[in-house]
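*Asks:* After the structure tokens below, expect a handful of questions from me.
The values are calculated or read from the model by the stated rules, or taken from the named source; none is laboratory data. Computed from a predicted model, the values in this text were never measured in an experiment. Cβ placement follows ideal geometry from the backbone for every residue including glycine, while neighbour counts extend to all protein chains displayed.
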Amino acid sequence: MNLDYGKIPPQAIEVEEVLLGALLIDPDSIDNTLSLLPDGAFYGHSNETIYQAVKSVYGRGGAVDILTISEELRKIDKLETCGGVVYISQLTSRVASGAHAAEHAMIILQKFVMREAIRISNDLQNTAYDEGCDMEDMIAKLFHAVNDLQVLLLANKRGSTLGETVNASVQDYFERKKLRQTGQTLGIQTPLKAIDHFTNGWQDGDLIIVASRPSMGKTAFAIAAMVNAAKQNKSSVMFSIEMTRVKIGDRIVIGEGRLDPDRYRSGSMTEEQEATLERVLGEIERLPAIIDDSPKQTVSDIWGKLRVLKNKDKCDLAIIDYVGLVGASKERGKSREQEVAEISAALKQMAKDLSIPIIVLSQLNRGVEMRLDKRPKLSDLRESGSLEQDSDVVIMLYRDEYYTPGSSVGRGEANITKNRNGQVGMVGFYYNSSLTRIHDAEEVNITDKPF
């Protein structure tokens, strides 16, 4: 990298030389180093060339020492430009063993990431000066660049030993036992206790797909999930790309207060109803929930916003309504199925990186309507790219009343068709279309009507 404005880019030449010396005298240190350092990590051009020679020889199963590496460099006509045998011999004289090779490799990696950050920022600066640049495209590039840098650092952290892994598993078991004895769930409680029975609540790192045809209660389910989490003092964020936040607010107030929707929307409620409205407002406005109704959001937009909120400890659960309206990258030539696959993979990575559950609504296509039994199946989701593959939990909503008016009034089915860490099965729920309110079937009260 060239000098930039008279400044020397971040580098650690001496550490590079010590590490190369360690690789030449201690073959046991090579494995750890190769897994840590990507190509181009060394600042010194000669040092990078020598490192590549070490990789080549070791990769072929050859012995790594002064002679073999010198010969490898000679074959590609790089020995003299790297300082010759004298320089390579000097490298080994700077270190006694490879005991600290991993620590030295991390220093080199950190300097490399810092140089990459400088390069990326310079590229973005040049792009920003271009009057014809697309702002959203530039921000997307920034997001991907930052994510790539983070991947470099995170990918090189060591995994857990088997002992550490099983100990963590056993600790989780006793935590689940303790919660079960007190009537609680391990994760964030869902809107339906019957679903908690299968999933132990919404789990950190999980991607949950809630899918159905229109008018089955997806948005009502999403709103209930958001409010229910907030009532547990869990910060929830809902990205409503289709419906405005005011419309969602209407649904929440009407549902929580069991208010007459027509009177509320027309401004003609009774004094008793308005008193209920004030009470509901006081209860809801303190809840830790955010509704983002920005239109035309991309997966990069959502990821960036969630990162900011997570860093402020204001994001325990994210909900996206719905995946069909989320934009992918601006790379041209992709089919919508390819875009959904890209979005799906990003959402799963997002849930894992941020360690939060992410609920994504998905609208199934009309193929369901062609069947005699219109209950959605897991196979219906396969046409939506990789949602089925990337998801941890898939919940299909169905209400027979929609297709056969008068039958199973207010009754619905939530079919858990995929549960990566548990059983699958169907649970019933009650849906009040007037109040757009959803809850467990056993809690049905025939007098649960707006007053």
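*Asks:* Can you name the residue in region 104-118 that is touching a helix residue (DSSP H, G or I) at 6+ places or on another chain (Cβ under 9 Å) and among the charged types (D, E, K, R) and, of all such residues, is nearest to GLU342 (Cα to Cα)?
*Replies:* Among those residues, the one meeting the criterion is GLU116.
*Asks:* What about VAL308, is it over 17 Å from PHE221 (Cβ atoms) and surrounded by 17 or more Cβ atoms within 10 Å (Cβ to Cβ)?
*Replies:* no
*Asks:* Tell me, yes or no, whether region 344-360 has at least one residue that is within 19 Å of PHE221 (Cα to Cα) and touching a Cys at 6+ places or on another chain (Cβ under 8 Å).
*Replies:* For region 344-360, residues within 19 Å of PHE221 (Cα to Cα) and touching a Cys at 6+ places or on another chain (Cβ under 8 Å): present.
*Asks:* Report yes if some residue within region 293-312 is in contact with a Ser or Thr (Cβ under 7 Å, 6 or more places away or on another chain), of a type in the set (D, E, K, R) and closer than 23 Å to GLN189 by Cα; otherwise report no.
*Replies:* No.
*Asks:* Turning to a different aspect of this structure: Taking THR190 and the conditions (1) at pLDDT below 90; (2) assigned to a loop (DSSP other than H, G, I, E, B); (3) in contact with a Ser or Thr (Cβ under 9 Å, 6 or more places away or on another chain), which numbered condition does it fall short on, given that it satisfies the others?
*Replies:* For THR190, the failing item is (1).
*Asks:* How many residues, within region 220-238, are crowded, with 24+ Cβ neighbours inside 10 Å and in contact with an Asp or Glu (Cβ under 8 Å, 6 or more places away or on another chain)?
*Replies:* Of the residues in region 220-238, 5 are crowded, with 24+ Cβ neighbours inside 10 Å and in contact with an Asp or Glu (Cβ under 8 Å, 6 or more places away or on another chain).
Here's the yes/no breakdown for (1) assigned by TED's automatic domain parsing to the domain that holds CYS82; (2) closer than 15 Å to ILE107 by Cβ; (3) buried (at least 17 other Cβ atoms within 10 Å of the Cβ); (4) aromatic (Phe, Trp, Tyr):
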residue	(1), (2), (3), (4)
LEU19	yes, yes, yes, no
LEU24	yes, no, yes, no
SER35	yes, no, no, no
PRO38	yes, yes, no, no
PHE42	yes, yes, yes, yes
ALA53	yes, no, yes, no
ARG60	yes, no, no, no
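*Asks:* Let me ask another. Go through region 401-414 residue by residue and tally those that are free of Cβ contacts under 8 Å to residues at least 24 places away in the same chain and either charged (D, E, K, R) or not assigned by TED's automatic domain parsing to the domain that holds ASP206 (or both).
*Replies:* 1
*Asks:* Hey, another quick one. Of everything in region 225-246, what is of a type outside the set (A, V, I, L, M) and not in a helix (DSSP H, G or I)? Give them in sequence order.
*Replies:* Residues satisfying the conditions are GLN232, ASN233, LYS234, SER235, SER236, PHE239, SER240, GLU242, THR244.
*Asks:* Can you tell me how many residues within region 252-305 are touching a Gly at 6+ places or on another chain (Cβ under 8 Å) and either outside the structural domain of ILE319 (by TED's automatic domain parsing) or not in a helix (DSSP H, G or I) (or both)?
*Replies:* Within region 252-305, residues that are touching a Gly at 6+ places or on another chain (Cβ under 8 Å) and either outside the structural domain of ILE319 (by TED's automatic domain parsing) or not in a helix (DSSP H, G or I) (or both) number 4.
*Asks:* Taking ILE66 as the residue in question, decide whether it is surrounded by fewer than 18 Cβ atoms within 10 Å (Cβ to Cβ) and either of a type in the set (Val, Ile, Thr) or touching a strand residue (DSSP E or B) at 6+ places or on another chain (Cβ under 6 Å) (or both).
*Replies:* yes
*Asks:* I'd like to know if region 195-212 contains one or more residues that are in the same structural domain as MET106 (by TED's automatic domain parsing), assigned to a helix (DSSP H, G or I) and more than 19 Å from the chain's Cα centre (by Cα).
*Replies:* Looking through region 195-212, none of the residues is in the same structural domain as MET106 (by TED's automatic domain parsing), assigned to a helix (DSSP H, G or I) and more than 19 Å from the chain's Cα centre (by Cα).
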